[in-house]
Structures are given as C-alpha cells and as structure tokens.
Amino acid sequence: MCLLRENRGPGQQPSFKGALILESWPIYRVMGDGTVAPNVVPNELALKIYQDMVLLRTFDEKALNLQRQGRVGTFPPSLGQEATEIGSAHALSKQDWMAPSYRDHGALYVHGVPFENVILFAMGRAGSLAGDVRALPSSIPIATHLPHAVGLAMAARMQGEDAVAIAYFGDGGTSEGDFHEALNFAGVFKAPVIFLCQNNGWAISTPVSRQTGSATLAQKAEAYGIRGRRVDGNDALAVYQVVRESRERALAGHGPTLIEAVTYRLGPHTTADDPTRYRDTEEVGAWRGDRDPIVRLGAYLDQQGILTADDLEKIRVTALEWVNQAVEAAEAMPPVTPLDMFEHVYATMPPRLIQQLQDFEGSDR
Ligand SMILES: Cc1ncc(C[n+]2csc(CCOP(=O)(O)OP(=O)(O)O)c2C)c(N)n1
Ligand SMILES: [Mg+2]
C-alpha cells in the first residue's frame, strides 16, 4: 500500500506545518512510485484532462495578472490543485449538481461554466455565474453549501433522476458545523452525494495540523456511517477514478462518500494573502517539480506515448488563445451599475430595500 510520508507522531512536531497528516489510511494513486491502482481512464480522456489542467493554470495566471492591474477583484487561485479540480469534474455527468467553493473555477469550467462567467464574477458583476448549468453559485462562506448539496441530492433522487450532487470544500471546511450536519443527514438518508474535501495543507494561515486532531480527514466519514476515501489529489487519473466510482455507488443506492483529496496550495490563499508570512518556502518547494500535478500527468502521458512535444506546444498556445478570448468577451460587457447591488438577493425585494433603492436613486450618489 502506498502511503505518503508520515509527518506527525505522538509528541512529535511536524517538520512542515502544513504538510499532510497521514497515518494508517491508504491513499489511492495511479501514477508514480508505489502505485496502488491500475489506470482505467481511456487515453483520449486522459489527454482531455491534461488539456483542461493546462487551461486552468493558464486562466489562473491570467486572472492573477488582471487582479494586479485592477481589472478584477480579489481572486483565489487554484495553482497546484488542477488535478483534483479537473479530474473530479470529468467524472460527473451534466445532470449532476455541483456545489463549489470560491476556488473551484476549474471544476465549474468542466461542468459547463465558461471562464468568461468566472471573470465576470471576479469583477463583481451581477448575473448568474452558472447560467443553466447545474451548479450553485460559488460559496464564499466555508462549508455552508454542504447541506445544500445534500438537499439537491435528495431532490434528484425523489424526482427519479440519474444524478448525484457533489460539494467541493477545503480542509478548513471540516471544522464547520455545516460539514458535520451535512454528513450526518446524508449518512442517515443515504443521499446520493459526494463530499470532495481538497486537503491543500492550509486554511489561509492555519495548517491542517491545527485544523483537526484526527489522523486523516477521510476517516471522519466513519462517524457518520458513510464511506471515506483518501486519494492522491495531485494524481488526476486517481481522482477521476475515485469520484467516478463514488458516483456509481451513490446512484446504486449505497450512499455518500467523503473523499479527501490530498493536494497542496502552491499559491496564496487569494490575491489578498502573503503566504511567505506563515509558511516556509522549503515546504512549498517540496510540492513543486515532480509533484506538480501537470508535470506528473504530462510525464505519464509521455511515457504512454500519448503526448508529444508538438502536442504540448499546441495545448499551451490554444489555452492562451481561449483565455484571452474569455477576458475580451468579459471586458466587452456593458459596465456595471450601482443599482445592481439591490438586485439578486431576494426574489421579491423587501420594503426596507425598496426604500434604500429609492433613496439611492434620489441621491446625487
Ligand atoms: C463561515 C466562514 N468562516 C470564515 C471564513 C473566512 N475564511 C475564508 S477562506 C477560509 C479558510 C478556508 O480554508 P479551506 O477550507 O482549507 O479552503 P482553501 O481556502 O484552502 O481552499 C476562512 C477561514 C469564511 N469565508 N466563512
Ligand atoms: Mg485548505
């Protein structure tokens, strides 16, 4: 069985604060040393997953630049987490409901939300992020969307749909009451839901070693009578397989799975954060290079003879073209009006908001 390095024993301080807490739970992996699972992902899909991971990273870099130029607001990058974002979303069907957190642009993109909408969202524009895609708006409060995902899953089952719900959240989300309430309810009613926890080592400046006393996050599933799985979150093929299998199991009536995808946030929490103030560059460095999810999948595809240097260049060029087009399209939209801030919260505006709107319209702003 392949276990990542254990970094915390009784009375022993972790060498890296945000490093993984691992003890006895097996970690599911397809690529790399100590592989525990065969790859069942067809070549064509593996290549598509790779392309989308490159696209997500290209988008991320662009969004960071836009934020630095004042063209979008605060932005949470997913640098380092591309395998979990993209691998997981490819395992879903368009009928499935996605409940994302603020960092899950990659998963939303694969589910059908154009990057253009993500840019508009980051610009603070009103309107729907997801359009008619089966996805909730990205949740900024942590873990509040988990009970909603359970509700969506229950509703899908009641309506006889062939659909599950998946909630994306972080290691920090596991300390929220909503996480426990959602898992408990889902466990009792065997809701067809997948809880995808991205353990990226940090919740802003709080390392995962200060987030929980449990040896792993996946084992929390046991308390709720649901299945827990740990997967190498930097192994896109492994993530795909674990999500796919959890989905099939949920549809067959066997209930939810809590998946802990073990990954690492290589960048800042958001563009408003400076991680050099709380974590060692050495720790970050240990997750770059060979452990980088794009490098890993690229090397694997190369070994399989699926990806040539020419393909690689084309993938990068195409990604940049798409991202630039998305930015152009978003910036070509008419400017936002301050009146928009009164909309989109209530279906029917309550009297005090109507009053504020009228006062605002009557003022010289
Ligand atoms: C309910 C709630 N409490 C606090 C915050 C402030 N906050 C924003 S992100 C964050 C850390 C989240 O970390 P994690 O769940 O690990 O997700 P990550 O950002 O690493 O993806 C906190 C505490 C919030 N958004 N919502
Ligand atoms: Mg985190």
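With respect to the numbered conditions (1) away from ligand 2 (no atom under 16 Å from the Cβ); (2) of a type outside the set (Lys, Arg); (3) open to solvent by 30 Å² or more (accessible area, probe 1.4 Å); (4) over 12 Å from the mean Cα position of the chain (by Cα), which one is the sole condition not fulfilled by Ile142?
Among (1) away from ligand 2 (no atom under 16 Å from the Cβ); (2) of a type outside the set (Lys, Arg); (3) open to solvent by 30 Å² or more (accessible area, probe 1.4 Å); (4) over 12 Å from the mean Cα position of the chain (by Cα), Ile142 violates only (1).
Pairs please, first residue from segment 80-97 and more than 13 Å from Gly233 (Cα to Cα), second anywhere and among the small types (Gly, Ala, Ser) and open to solvent by 20 Å² or more (accessible area, probe 1.4 Å), Cβ atoms under 9 Å, 6+ apart in sequence or on different chains.
Note: pairs meeting the criteria are Lys94/Gly112; Trp97/Ala155.
Please state which of the following conditions Glu245 fails to meet, knowing it meets all the rest: (1) within 15 Å of ligand 2 (Cβ to nearest atom); (2) assigned to a helix (DSSP H, G or I); (3) at pLDDT 95 or above.
(1)
May I ask you to list the residues in segment 194-214 that are more than 7 Å from ligand 2 (Cβ to nearest atom), open to solvent by 10 Å² or more (accessible area, probe 1.4 Å) and not polar (S, T, N, Q)?
The answer is Ile204, Pro207, Arg210, Gly213.
Identify all residues within segment 164-179 that are without any contact (Cβ under 8 Å) to a residue 60 or more places away in the chain and either open to solvent by less than 10 Å² (accessible area, probe 1.4 Å) or within 12 Å of ligand 2 (Cβ to nearest atom) (or both); write none if there are none.
Passing the criteria: Asp171, Gly172, Thr174, Ser175, Phe179.
Among the residues of segment 36-75, how many are over 16 Å from Pro114 (Cβ atoms), outside any helix (DSSP H, G or I) and hydrophobic (A, V, I, L, M, F, W, C)?
Counting residues in segment 36-75 that are over 16 Å from Pro114 (Cβ atoms), outside any helix (DSSP H, G or I) and hydrophobic (A, V, I, L, M, F, W, C) gives 5.
In this structure, is Ser78 surrounded by fewer than 15 Cβ atoms within 10 Å (Cβ to Cβ) and modelled with pLDDT of 95 or more?
no
Look at segment 148-163 and say how many of its residues are within 17 Å of the chain's Cα centre (by Cα) and either surrounded by fewer than 18 Cβ atoms within 10 Å (Cβ to Cβ) or not small (Gly, Ala, Ser) (or both).
Result for segment 148-163: 1.
Go through segment 325-337 and give me each residue that's open to solvent by less than 70 Å² (accessible area, probe 1.4 Å) and over 14 Å from Gly124 (Cβ atoms).
Ala326, Val327, Ala329
Of all residues in segment 306-324, which are open to solvent by 60 Å² or more (accessible area, probe 1.4 Å) and of a type outside the set (A, V, I, L, M)?
Matches in segment 306-324: Thr308, Asp310, Glu313, Lys314, Arg316, Glu321, Trp322.
In segment 338-357, is there at least one residue being among the charged types (D, E, K, R), at pLDDT 90 or above and surrounded by 14 or more Cβ atoms within 10 Å (Cβ to Cβ)?
no
Here's a check for you: in segment 270-288, which residue that is within 16 Å of ligand 2 (Cβ to nearest atom) and either crowded, with 21+ Cβ neighbours inside 10 Å or over 18 Å from the mean Cα position of the chain (by Cα) (or both) is farthest from Ser205 (Cα to Cα)?
Trp287
Quick test of your reading of the structure: Ala309 fulfils all but one of (1) small (Gly, Ala, Ser); (2) within 16 Å of ligand 1 (Cβ to nearest atom); (3) free of Cβ contacts under 8 Å to residues at least 60 places away in the same chain. Name the failing condition by number.
Among (1) small (Gly, Ala, Ser); (2) within 16 Å of ligand 1 (Cβ to nearest atom); (3) free of Cβ contacts under 8 Å to residues at least 60 places away in the same chain, Ala309 violates only (2).
Residues in segment 232-249: is at least one open to solvent by 10 Å² or more (accessible area, probe 1.4 Å), within 14 Å of Tyr28 (Cα to Cα) and free of Cβ contacts under 8 Å to residues at least 12 places away in the same chain?
yes
Please determine whether any residue of segment 356-365 is part of a helix (DSSP H, G or I), touching a helix residue (DSSP H, G or I) at 6+ places or on another chain (Cβ under 8 Å) and free of Cβ contacts under 8 Å to residues at least 12 places away in the same chain.
no
Yes or no: Arg229 part of a helix (DSSP H, G or I), touching a Leu at 6+ places or on another chain (Cβ under 8 Å) and open to solvent by 20 Å² or more (accessible area, probe 1.4 Å)?
For Arg229, the condition - part of a helix (DSSP H, G or I), touching a Leu at 6+ places or on another chain (Cβ under 8 Å) and open to solvent by 20 Å² or more (accessible area, probe 1.4 Å) - is not met.
The values are calculated or read from the model by the stated rules, or taken from the named source; none is laboratory data. Computed from a predicted structure; not experimentally measured. Methodologically, a virtual Cβ is constructed for each residue, glycine included, from the backbone with ideal geometry; neighbour enumeration extends over all protein chains shown. We work out accessible area using only protein heavy atoms, side chains counted, and drop any ligands, DNA or RNA first. Shrake-Rupley method; radii C 1.70, N 1.55, O 1.52, S 1.80 Å.
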